[in-house]
Structure formats: C-alpha cells, structure tokens
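**Student:** Structure below; questions to follow.
The values are calculated or read from the model by the stated rules, or taken from the named source; none is laboratory data. The structure presented is a predicted model; accordingly, all values stated were derived computationally and were not measured. As a convention, Cβ positions derive from the backbone with ideal geometry for all residues, glycine included, and neighbour counts pool all protein chains shown. The area values use the complete protein model at the heavy-atom level, side chains included, leaving out ligands, DNA and RNA. Shrake-Rupley method; radii C 1.70, N 1.55, O 1.52, S 1.80 Å.
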Amino acid sequence: VQAQLAGWFTQYHNRLASAYDPVLEQTVYRNLGSVQKYGIDANVSYSPIPQLTTYLFASWNHSEIQNDVQTGVCSAISAITGCTAIGQAIFAPTNGKRESGSGAYSYGGTIRGELGPVEIGVTAKRSGGRYIYDTNLPVFGGTTAAQTLLYNAKTEPYWLVNLDARVNMEFIGLNDQTYFQLNVYNLFNQFSVG
C-alpha cells in the first residue's frame, strides 16, 4: 500500500488565462491580475497480488481572483455599460471569484491487471463543473424586460473513462521491451468543456 497527501498554495501576479475565440480562430489571452490558488491532492495505491494494482486519487482546489479585471474603456456615455465619462475604464466584477475553466474537484481511479504477456488498464475520472467566465455569472440575451439565458454559469460535472491494453511481444522472439499497445481515450464519448 502506498498513499500520499499534499497541500499546496500558489500566489500569481499578472495571471494570464487563455481561451479559444472561434470568431477570430485564435487563442486570446487575458490578464487576471493577482490570483491565489490552493488545494489538496491525495492518492492511494494497493496491489493485493503482483498481477493486480488499484489506484485511487482525489483533488480539491480553490482559486480566487483578487481584483476586478479591466475589460475596456468607455467610448460613449451609457447607463447600460456604466460609463459616465469617455475614456473611463470598464471593469468586469471578478474580485473574489474563481478562475474559469478549472473544476473545484476531481476524483477517480485506475485498475490494472496482468495475465501472462497481456496487460489491461481502465482509468475513470470525475471532474467537477467549471465556471465558463471569470465573473462566475450566467450570460443572458434578449431585452431587459424579456431576458433569455444563453449560457449557464457553470458546466456540468462529467466522467472520463480511458482504456489501454498492451501485449509484450517477447513470445514471438522480440526483446522484452517491445509491446503492441492500444489506447482508447474517452471510451464513452463524453462531451466536456475544457
């Protein structure tokens, strides 16, 4: 039996976050300023017999953006955007919010077995929902009187299952470091936002 528990803390200054923009067909970056991240990672592995190994893991993390992020400058006075003067900075309400794109938890496990020259492994991982935007708010469209929800604040949690199998080719006269291996990533074809 092997087990590990670790805590961590990171303080970022000028934290750069990226997102793919399908209109521009390129990755764009934004500066979130100061961000604090911390969490706990744990895992345990157990091998009851030499031919069977199990591995369980779990992580919890938290991030906090320390300031509101500037998103632009007022080009016109408008009550909708909150612009009271041309040239005034426009800020998104990100202070105290989580970074988007990172789930608060994940957990899962692996089981790997050997039978002669054949080795098979299955890994399953559950990832928690992720905020889509750094403001941690849903996006609405339509008019003020008749708003329509365009995007939820968070994605749904999901499972990702991977399968791998390999055969040691020594039995056909090759050396013991030669394998034929097949990997199936996302076995159940789950859709997730990364």
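**Student:** So, R126, is that one open to solvent by less than 80 Å² (accessible area, probe 1.4 Å), among the basic types (K, R), at negative phi and without any contact (Cβ under 8 Å) to a residue 40 or more places away in the chain or not?
**Tutor:** Yes; evaluated as a whole, the condition is true for this residue.
**Student:** How about the stretch 1-77: which strands (runs of 3 or more DSSP E) wholly inside it have at least 2 residues that are under 19 Å from the mean Cα position of the chain (by Cα) and surrounded by 10 or more Cβ atoms within 10 Å (Cβ to Cβ)?
**Tutor:** Correct list: 2-12, 16-21, 26-31, 35-49, 52-65.
**Student:** Out of (1) at positive phi; (2) open to solvent by 30 Å² or more (accessible area, probe 1.4 Å); (3) under 18 Å from the mean Cα position of the chain (by Cα), what's the single condition that is false for N136?
**Tutor:** Answer for N136: the failing condition is (2).
**Student:** For the stretch 93-137, how many residues meet the condition of being closer than 15 Å to A165 by Cα and charged (D, E, K, R)?
**Tutor:** Qualifying residue count for the region: 3.
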